[in-house]
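K.L.:
Below: one structure in structure tokens.
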Amino acid sequence: MIELINISKIFRSGIHEFSALKNINLKVAPGEIFGIIGKSGAGKSTLIRCVNLLERPTQGDVIVAKKNLTTLSETELRHSRRQIGMIFQHFNLLGTRTVFENVALPLELQGLSKKQITEKVMPLLTLTQLEDKHNAYPADLSGGQKQRVAIARALACEPKVLLCDEATSALDLHTTKSILDLLKDINAKLNLSILLITHEIEVVKEICDRVALIDQGEIIEENDIYSFFTQPQTSLAYEFIKTSLKHDLPFNLKDKLFEHPVANSQAILRIIFHGQAAAEPFIAHLMQDFGIKLNILQANIEFLKKEALGIMIVKTINAHDKLDQAMAYLKTKNVNVEILGYANAI
Amino acid sequence: MPMLYEFLTATWQTLYMVFISGLLAIIFGLPLGVLLLITRHQQISENKYLNGMVGGMVNAIRSIPFIILLVALIPLTRLIVGTSIGTTAAIVPLSIAAIPFFGRIVESALSEVSQGLLEVGNAMGATPFQIIRKILIPEARPAIINGITLMLVNLIGYSAMAGAIGGGGLGDLAIRYGYQRFDVNIMIATIIILIIMVQCLQLVGDFIAKKLLHR
Ligand SMILES: Nc1ncnc2c1ncn2[C@@H]1O[C@H](COP(=O)(O)OP(=O)(O)OP(=O)(O)O)[C@@H](O)[C@H]1O
Ligand SMILES: [Mg+2]
């Protein structure tokens with residue numbers, strides 16, 4: 001639905017050149033929620049603004065709904081932009097317009113009649129739970145309500161794509177959750193592709209199907225959400241996820257770990273499972289079929305976009321030569337297992 | 001009561017001068033202000049030369065003391081109105097002084113509209129004209145209303161000067177009776193009427209601006 005091909009952006013001021021985006025390639029499938037995460041100044045806003053050409057890339061092609069936006073005339077581009085909704089960190093509502101009138105604005109710009117506008121706006125206010133606020137002015141709304149108005153407004157022209165520039169960064173935890181739920185809801189109901197940028201890993205964890213990590217204008221990692229959380233490839237990705245998932249060994253064990261087996265040592269495993277695997281009683285299997293007992297040192301269940309992700313750190317007891325077989329068995333069950341090290345038996 | 005009649009006429013003349021020239025200033029000053037803003041650096045239709053030229057003209061007119069403008073514009077006034085004396089004639093210099101003043105007020109009011117809102121317009125696929133009409137001007141309305149009040153109050157003062165050189169109105173009355181015949185009571189009475197006028201204007205202006213602000 002969105003395809004960015006070889007996007008580069010160079011900001012020039014006088015003789016200074018700053019390369020804000022470097023060779024970005026990205027594909028967002030129809031109906032997908034795609035997250036871009038990165039630290040402040042990484043180029044996230046610049047990147048998302050390139051998608052509707054609020055920022056013109058210095059080089060590269062932007063294809064949205066099969067149209068190459070970079071080659072369109074001004075008029076054609078304006079037309080295409082109507083199919084791309086956008087919401088912002090600071091909501092950007094018109095203070096002199098009511099909630100209803102704010103949502104109606106894009107429709108007015110298209111020259112729709114009053115009756116047509118009402119017919120389109122009212123269901124959107126219902127969808128975003130704002131019916132009773134339709135006559136209020138933005139100044140009288142809470143942050144979450146303002147963002148709902150902005151979402152309703154972005155949906156007014158029935159876009160195929162929704163861009164979210166730090167849509168929840170100005171909101172508290174609880175409100176963030178409700179806005180993310182709303183985004184999930186419209187993604188499902190309207191089969192809308194959503195591209196969102198954020199610096200909060202919790203947002204990614206909550207709603208994204210895929211995620212890309214951007215650092216200094218480059219995408220350094222891209223993956224589906226499970227792989228991203230369970231097998232981070234870069235240290236930056238690891239840094240992001242470790243604030244959100246309990247991944248690590250309990251610290252009192254960390255120091256006592258050997259890299260290789262020694263006499264009487266036991267393997268410490270990290271077992272990560274999700275989806276179908278979570279339904280299998282694989283711990284029981286390990287015991288029955290391989291005679292391996294597990295001592296659970298740490299376990300927790302995380303939710304990645306509604307699906308459970310279990311992370312366990314276990315000490316094997318009397319695994320010995322059966323360990324390799326057992327690990328192979330787990331892998332056939334789509335359970336991700338990894339030897340973290342070896343510790344003494346006691 | 002010939003004196004009361006003179007007061008009523010003079011008040012009417014002042015109101016007439018102020019409101020007609022105010023109206024003209026709004027009609028011409030609003031597009032002027034829009035032009036000054038949109039041609040600025042990094043604005044909707046950036047144009048350094050046009051902005052420099054129009055801005056320069058605005059500054060030039062605004063730097064001429066009104067009393068001199070009044071005299072300098074006599075030929076133009078004659079051309080437009082047919083005479084350079086009288087209330088209607090005074091409207092020409094008053095408007096010409098007020099247009100650039102109001103233009104700058106509009107420009108500054110529009111520049112206060114957040115860049116984010118213009119971005120919203122762009123992202124929605126609005127044309128530059130739609131952005132100006134549907135976003136820029138409506139969002140700047142409270143500030144523009146305050147500017148109109150300010151301009152009208154200034155025009156009351158300027159109209160008194162115009163009156164002094166034959167334009168009529170309260171200024172003319174105050175000078176003829178108060179200054180030339182040392183009639184202090186008349187002087188005080190005109191000042192009181194002027195104060196009431198300004199006060200009312202300010203109240204109405206503030207009220208409208210507040211209504212539009214929604215804050
Ligand atoms: N118009 C501009 N001119 C020059 N440099 C710019 C411009 N816009 C952005 N930059 C630079 O590009 C880099 C990326 O900026 P961008 O706003 O995309 O970062 P970001 O990832 O969105 O950060 P944040 O999380 O703080 O919003 C920054 O170093 C910024 O200074
Ligand atoms: Mg940003």
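The values are calculated or read from the model by the stated rules, or taken from the named source; none is laboratory data. Small disclaimer: the values here were computed from a predicted structure and weren't measured. Here the Cβ positions follow ideal geometry from the backbone for every residue, glycine too, while neighbour counts run over all protein chains shown. Note: areas computed on protein heavy atoms with side chains; ligands, DNA, RNA excluded. Shrake-Rupley method; radii C 1.70, N 1.55, O 1.52, S 1.80 Å.
K.L.:
Could you count how many residues in region A:43-100 are within 16 Å of ligand 1 (Cβ to nearest atom) and among the hydroxyl-bearing types (S, T, Y)?
P.N.:
3
K.L.:
I need a count of the residues in region A:110-134 that are loosely packed, with under 12 Cβ neighbours inside 10 Å and among the aliphatic types (A, V, I, L, M).
P.N.:
So the count comes out to 0.
K.L.:
Okay, next question. How about region A:99-130: which of its residues are within 14 Å of chain B (Cβ to nearest Cβ), in a loop (DSSP other than H, G, I, E, B) and without any contact (Cβ under 8 Å) to a residue 12 or more places away in the chain?
P.N.:
A:G111, A:L112
K.L.:
What single numbered condition from (1) open to solvent by less than 30 Å² (accessible area, probe 1.4 Å); (2) at pLDDT 80 or above fails to hold for A:I317?
P.N.:
(1)
K.L.:
Checking B:R104 against (1) open to solvent by less than 10 Å² (accessible area, probe 1.4 Å); (2) away from chain A (no Cβ under 14 Å), which single condition isn't satisfied?
P.N.:
Of everything listed in (1) open to solvent by less than 10 Å² (accessible area, probe 1.4 Å); (2) away from chain A (no Cβ under 14 Å), B:R104 misses just condition (1).
K.L.:
Within region A:147-156, how many residues turn out to be among the β-branched types (V, I, T) and in a loop (DSSP other than H, G, I, E, B)?
P.N.:
Summing the residues that are among the β-branched types (V, I, T) and in a loop (DSSP other than H, G, I, E, B) in region A:147-156 gives 0.
K.L.:
Starting from region A:39-50, keep only residues that are at negative phi and small (G, A, S), then list their pairs with residues that are more than 6 Å from ligand 1 (Cβ to nearest atom) and outside any loop (DSSP other than H, G, I, E, B) whose Cβ atoms are within a distance under 8 Å, requiring at least 6 positions of separation or different chains.
P.N.:
Close Cβ pairs satisfying both conditions: A:A42/A:I214; A:A42/A:D215; A:S45/A:D165; A:S45/A:I197.
K.L.:
Also: When B:L118 is evaluated against the numbered criteria (1) touching a residue at least 60 places away in the same chain (Cβ under 8 Å); (2) more than 24 Å from A:A152 (Cα to Cα); (3) surrounded by fewer than 22 Cβ atoms within 10 Å (Cβ to Cβ), which criterion, by number, is the only one it fails?
P.N.:
Evaluating B:L118 over (1) touching a residue at least 60 places away in the same chain (Cβ under 8 Å); (2) more than 24 Å from A:A152 (Cα to Cα); (3) surrounded by fewer than 22 Cβ atoms within 10 Å (Cβ to Cβ) leaves (2) as the failure.
K.L.:
If B:R141 satisfies all but one of (1) more than 9 Å from every other protein chain (Cβ to nearest Cβ); (2) open to solvent by 70 Å² or more (accessible area, probe 1.4 Å); (3) touching a helix residue (DSSP H, G or I) at 6+ places or on another chain (Cβ under 6 Å), what's the number of the condition it fails?
P.N.:
Against the list (1) more than 9 Å from every other protein chain (Cβ to nearest Cβ); (2) open to solvent by 70 Å² or more (accessible area, probe 1.4 Å); (3) touching a helix residue (DSSP H, G or I) at 6+ places or on another chain (Cβ under 6 Å), B:R141 comes up short only on (1).
K.L.:
Please verify whether B:G168 is facing chain A (nearest Cβ under 10 Å), on the phi > 0 side of the Ramachandran plot, crowded, with 20+ Cβ neighbours inside 10 Å and of a type outside the set (A, V, I, L, M), treating the condition exactly as stated.
P.N.:
Answer is no for this residue.
K.L.:
Here's a follow-up. It is to be established whether one or more residues within region A:6-27 are within 14 Å of chain B (Cβ to nearest Cβ), within 11 Å of ligand 1 (Cβ to nearest atom) and under 15 Å from A:I219 (Cα atoms).
P.N.:
The answer is no; no qualifying residue exists.
K.L.:
Need at least 2 residues that are buried (at least 18 other Cβ atoms within 10 Å of the Cβ), within 16 Å of ligand 2 (Cβ to nearest atom) and not polar (S, T, N, Q) per element, so show me which helices (runs of 4 or more DSSP H) inside region A:157-263 make the cut, counting only ones lying wholly within it. Can you show your working first?
P.N.:
On the way: elements: A:173-190, A:201-207, A:225-230, A:235-242, A:251-254.
Correct list: A:201-207.
K.L.:
Kindly evaluate B:I132 against the criterion of being farther than 20 Å from A:N102 by Cβ, assigned to a helix (DSSP H, G or I) and more than 10 Å from every other protein chain (Cβ to nearest Cβ).
P.N.:
In short, no.
K.L.:
If a residue must be modelled with pLDDT of 90 or more and under 21 Å from B:N122 (Cα atoms), how many such residues does region B:34-71 contain?
P.N.:
8
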